[in-house]
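These notes concern the structure reproduced below.
The values are calculated or read from the model by the stated rules, or taken from the named source; none is laboratory data. Note that this is a predicted model, so its numbers are computed, not measured. Cβ placement follows ideal geometry from the backbone for every residue including glycine, while neighbour counts extend to all protein chains displayed. Keep in mind that these areas ignore ligands, DNA and RNA; they rest on the heavy atoms of the full protein, side chains included. Shrake-Rupley method; radii C 1.70, N 1.55, O 1.52, S 1.80 Å.
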Amino acid sequence: MLKASTADVIIIGGGIVGASIAWHLTSAGCRNIVILERESQPGTGSTGKSMGGVRAQFSLPADIRMSLYSIPIFREFDALVGHPSGYRPQGYLFVATQPRHLEFLRTNYARQTAEGVRDVRLISRNEVVAMVPQLRSDDVLGGSFCGSDGFVDPHSVLTGFLKRALEQGAQLVREAPVLAIDLDTTGVIGVRTSRGSFSSRTVVNAAGPWASAVAAMAGVELPVEPLRRTLVPTEPFDRIARGVPMTVDMATGFHFRPEGLGFLMAWNDPAETPGFKLGVDRGFVERILALAADRVPVFAEAEVNPSRAWAGFYEVTPDHHPILGRVAHVPGFFLANGFSGHGVMHSPATGKMLADLILEGSTKLIDVRQFDFARFAEGRMVQETMTL
Ligand SMILES: Cc1cc2nc3c(=O)[nH]c(=O)nc-3n(C[C@H](O)[C@H](O)[C@H](O)COP(=O)(O)OP(=O)(O)OC[C@H]3O[C@@H](n4cnc5c(N)ncnc54)[C@H](O)[C@@H]3O)c2cc1C
């Protein structure tokens, strides 16, 4: 039974981003919110496939600030929303094997500390080896480590945001794919779904990898593409300590972190092409295992069952940064899309900024203009080089 078909804000998409926006809005007193989710369960999109990494080690001040808002929310999540986030501050360790990596880490360290990241430090080769003794270290020159970086449980964060938003008045409508967005000469007036129509002057696109299709319903051409990302778990494996950080081999981009009784391995295949492809490619699994064994030789002994690997979608923009805020020519239509691999870690900041923009017209968290939709047409693309 639907509570109301007229809302102050309609959110399209019940992933971690839509849920965070709903929690921030309802926490700010805007309670008549409708979240429309196409599937029967929230979290089956990118959120449920994520590696859950959170970090403040970025190069762009806006990314760093978004993390500095988000990480304390994950830390205090239980007190704030009454549900665990699974935040484990085991750190991110970037391992440098070339002088240019060290130079890059030094530049970014200066930016991070200038923005107020307190527990990031540049570390020596010996410290890298002490942190992860199983690394092949003949070519390791040093690294960068931030102790408050780490990982969360994305599904648990989504559940917490959503549960508390619903308690605070939001309504979640499941199995309600948005099929059309209605506009008049003043802007957005509502949406149509397979479960009926909902009217509102404010509609937020939080549709993850499907954001372009939703934007097209409002006549907006959104440059967000789905890009397959595959994660490969090992079976239980005790040759590496469970307390190791998310460890990133800067030479190849191979990275891993503990997960359950084993480890979760990831790698950004540069040959991957955009598209809604979800199959796990055996060749990919072989390549990642070779990268793993090269950097961490004991991984050659880990058991891996390829049928337990899974793939999901990064929602990628041309400059690998999100598209946030209003669309000038479609009043009432807001975007929270294109996180390009950072949508879990930046979900709290995104929720805060969208709530600020919707309720007050501006946000103090960052200069959100740098992530606006107009930047593509106006040639203001963003550069962030610490991407994974
Ligand atoms: C393998 C992998 C690893 C990742 N690792 C990390 C990481 O370590 N750290 C990190 O921060 N991020 C990571 N990400 C990225 C992160 O998971 C995403 O950026 C984030 O989950 C995006 O959340 P979302 O809510 O925007 O999208 P989603 O979770 O995809 O939610 C969008 C929702 O919209 C719904 N929807 C779509 N169209 C419609 C419609 N027409 N009507 C109604 N509902 C609709 C979908 O069903 C879906 O539930 C990873 C992603 C993948 C795939």
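When the stretch 105-132 is examined, which residues are found to be outside any helix (DSSP H, G or I) and free of Cβ contacts under 8 Å to residues at least 60 places away in the same chain? Steps first, answer last, please.
The first filter runs over the stretch 105-132 and keeps only residues outside any helix (DSSP H, G or I), leaving 115-124, 132.
Answer for the stretch 105-132, where residues must be outside any helix (DSSP H, G or I) and free of Cβ contacts under 8 Å to residues at least 60 places away in the same chain: E115, G116, R118, D119, R121, L122, I123, S124.
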Quick check: anything in the stretch 259-275 within 14 Å of the ligand (Cβ to nearest atom) and among the β-branched types (V, I, T)?
-> no
Of the candidates T234, T252, the one satisfying the condition of being surrounded by 20 or more Cβ atoms within 10 Å (Cβ to Cβ), polar (S, T, N, Q), at pLDDT 95 or above and under 30 Å from Q134 (Cα atoms) is T234
Residue hits (the stretch 62-81; open to solvent by 40 Å² or more (accessible area, probe 1.4 Å), in contact with a Gly (Cβ under 9 Å, 6 or more places away or on another chain) and more than 22 Å from E115 (Cα to Cα)) are D78, L80
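Residue-by-condition table, conditions (1) under 25 Å from Y69 (Cα atoms); (2) within 15 Å of the ligand (Cβ to nearest atom):
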{"residue": "F299", "(1), (2)": "no, no"}
{"residue": "A302", "(1), (2)": "no, no"}
{"residue": "H320", "(1), (2)": "yes, yes"}
{"residue": "M345", "(1), (2)": "yes, yes"}
{"residue": "T363", "(1), (2)": "yes, no"}
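This table checks each residue for (1) closer than 22 Å to G15 by Cα; (2) touching a strand residue (DSSP E or B) at 6+ places or on another chain (Cβ under 7 Å).
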site	(1), (2)
G262	no, yes
D294	no, no
E301	no, no
H321	yes, no
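Please go through the stretch 99-119 and give me each residue that is under 14 Å from P61 (Cβ atoms) and not aromatic (F, W, Y), ordered by number.
Just the residues of the stretch 99-119 that are under 14 Å from P61 (Cβ atoms), to begin with: 107-117.
Within the stretch 99-119, T107, N108, A110, R111, Q112, T113, A114, E115, G116, V117 meet the criteria.
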Within the stretch 323-343, restricting to residues that are outside any loop (DSSP other than H, G, I, E, B) and within 9 Å of the ligand (Cβ to nearest atom), the one that is farthest from I10 (Cα to Cα) is N337
How many residues of the stretch 127-168 are away from the ligand (no atom under 14 Å from the Cβ), acidic (D, E) and over 30 Å from V9 (Cα atoms)? The answer is 3
Subset of the stretch 21-47, residues out of contact with any Leu (no Cβ under 8 Å at 6 or more places or on another chain) and near the ligand (Cβ under 8 Å from one of its atoms), comes to L36, R38, E39, T44, G45, S46
Flagged pairs (Cβ under 6 angstrom, 6 or more apart or on separate chains; first in the stretch 221-236, away from the ligand (no atom under 15 Å from the Cβ); second part of a loop (DSSP other than H, G, I, E, B)) are P223/T317; P223/P318; T234/A302; T234/V304; E235/E303; P236/L261
Within the stretch 370-381, residues open to solvent by 50 Å² or more (accessible area, probe 1.4 Å) and either among the aliphatic types (A, V, I, L, M) or in contact with a strand residue (DSSP E or B) (Cβ under 8 Å, 6 or more places away or on another chain) (or both) come out as A377, M381
S59 passes all but one of the listed conditions (1) surrounded by 22 or more Cβ atoms within 10 Å (Cβ to Cβ); (2) among the small types (G, A, S); (3) away from the ligand (no atom under 11 Å from the Cβ); the exception is number (1)
Out of (1) surrounded by 19 or more Cβ atoms within 10 Å (Cβ to Cβ); (2) more than 10 Å from the ligand (Cβ to nearest atom); (3) in a strand (DSSP E or B); (4) not charged (D, E, K, R), the one V191 does not meet is (2)
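Got at least one residue in the stretch 73-89 being within 16 Å of the ligand (Cβ to nearest atom), touching a His at 6+ places or on another chain (Cβ under 8 Å), over 22 Å from G18 (Cβ atoms) and touching a residue at least 40 places away in the same chain (Cβ under 8 Å)? So that I can check it myself, show each step before the final result.
Of all residues in the stretch 73-89, those within 16 Å of the ligand (Cβ to nearest atom) come to 73-75, 77, 85-89.
With the extra rule that they be touching a His at 6+ places or on another chain (Cβ under 8 Å), the set shrinks to 77.
Filter once more, so that each one left must be over 22 Å from G18 (Cβ atoms): none.
The answer is no; no qualifying residue exists.
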For S347, the lone unmet condition from (1) open to solvent by less than 10 Å² (accessible area, probe 1.4 Å); (2) over 13 Å from P223 (Cα atoms); (3) in contact with a Pro (Cβ under 7 Å, 6 or more places away or on another chain) is (3)
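Go through V224, V191 for me and flag whichever is of a type in the set (A, V, I, L, M) and within 20 Å of F371 (Cβ to Cβ). Give the steps one after another, and end with the answer.
Working: V191 fails: within 20 Å of F371 (Cβ to Cβ).
One residue alone meets the criteria, V224.
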Selection from the stretch 1-51 of residues of a type outside the set (D, E, K, R), surrounded by 20 or more Cβ atoms within 10 Å (Cβ to Cβ) and part of a loop (DSSP other than H, G, I, E, B) yields A7, G13, G14, G15, C30, P42, G43, G45, S50, M51
message: Please determine whether any residue of the stretch 207-222 is over 23 Å from the mean Cα position of the chain (by Cα) and open to solvent by 40 Å² or more (accessible area, probe 1.4 Å).
response: yes
- request: Can you confirm whether the stretch 369-388 contains a residue that is under 30 Å from I189 (Cα atoms), within 16 Å of the ligand (Cβ to nearest atom) and in a helix (DSSP H, G or I)?
  value: yes
